[in-house]
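The values are calculated or read from the model by the stated rules, or taken from the named source; none is laboratory data. The structure displayed is predicted, hence computed values, not measured ones. Every residue, glycine among them, receives a Cβ derived from its backbone with ideal geometry; neighbour counts consider all protein chains shown.
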Amino acid sequence: MDDLSVNNLLGIKYLNTDDLKLIFKTADNFKEVINRKIKKVPSLRDITIANLFFENSTRTKLSFELAQKRLSADVLNFSSSGSSISKGETLIDTVNNILSMKVDMIVMRHPSPGASVFLSKNIDSCIINAGDGTHEHPTQALLDAYSLQEKIGYLENKNILIVGDIMHSRVALSNIFAYQKLGANVTVCGPKSLIPNYISSLNVKVEIDFKKALNNSDAVNMLRIQNERMSETYFPSIREYVQQYGLTKDILDSIDRKIIVMHPGPINRGVEITSEVADSEQAIILDQVENGVAIRMAVMYLLASKLK
């Protein structure tokens, strides 16, 4: 298979296993490119991509921009602050105005879950979801799975643990879908108040005891507390959260196996993960950042090849 089954990247749940494998294979090629002396290829020359970020982002936005420039695309950056959105313009009107400038592809981050799906049904353009509310963050899940596979081989029958604020994390949901499509077993761990009720319907194991969950895992994905998405208090204090769910070097060393440690960033050092762990040999956090560019290059290249 050398073609994606979809015309947009709206979420991991819309992809099949062959799609994931194709994206990873394509990312392998682009990873070679970005490690060369001349890091640019003309693959998307004459393609115009608009980055629409209606929510703050640093790492994802920079990663997409760098990937676009490495592919020689023409890039248009849009930020909602100071735009006509703040004057009452609708999302569709804003996007239609941008499309009238002959844009081929839209990369969008939006605070509303399902915004990219809504847009894809109302706009005739290729849409890439760069995160929509608490729903999905597909390119993060792709780079996480790719980075993990690069480190431990095929993920089939591997045990992967996702720890932290599962309820408010779009990374958690996308990762669950991606890991499962690659044959892995997924366990989530965190305070009961941060584990959503629907999780049991996703064939995911729930474990409240952090150390017990770690003992059965090949890799752990630590998530930060999404304070900006919380309208109420979900646990007594940060101090108590750290005591129960913070990953320290002592905890890591107490486990029989060498667990791979991941984090989508930004890291709250001393909360969900200590500096000692984040900077340790078991952590592949910087590999995730590097692989993010290659994965995003692969996604945009494969979707651009389907443009009419």
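Scanning region 203-221 for residues that are under 19 Å from F177 (Cβ atoms) and either surrounded by 14 or more Cβ atoms within 10 Å (Cβ to Cβ) or outside the structural domain of T274 (by TED's automatic domain parsing) (or both) turns up V204, K205, V206, S217, D218, A219, V220, N221. Would you check if there is a residue in region 222-235 being out of contact with any Cys (no Cβ under 7 Å at 6 or more places or on another chain), under 21 Å from A145 (Cα atoms) and modelled with pLDDT of 95 or more? The answer is yes; a qualifying residue exists.
For first residues located in region 221-243 and part of a strand (DSSP E or B), partners that are modelled with pLDDT under 75 and not small (G, A, S) and lie 6+ apart or on another chain with Cβ distances below 6 Å do not occur.
Being under 21 Å from Y301 (Cα atoms), at pLDDT below 90 and hydrophobic (A, V, I, L, M, F, W, C) is the requirement here; does L91 meet it? Spell out the reasoning first.
Numbers: under 21 Å from Y301 (Cα atoms): no; at pLDDT below 90: yes; hydrophobic (A, V, I, L, M, F, W, C): yes.
So L91 does not fit the description; no.
With the condition kept exactly as written, say whether any residue in region 244-251 is in a helix (DSSP H, G or I), buried (at least 20 other Cβ atoms within 10 Å of the Cβ) and modelled with pLDDT of 85 or more.
Yes, because at least one residue in region 244-251 is in a helix (DSSP H, G or I), buried (at least 20 other Cβ atoms within 10 Å of the Cβ) and modelled with pLDDT of 85 or more.
Just the residues that are buried (at least 20 other Cβ atoms within 10 Å of the Cβ) and not hydrophobic (A, V, I, L, M, F, W, C), please, taken from region 292-308. The answer is G292, R296, Y301.
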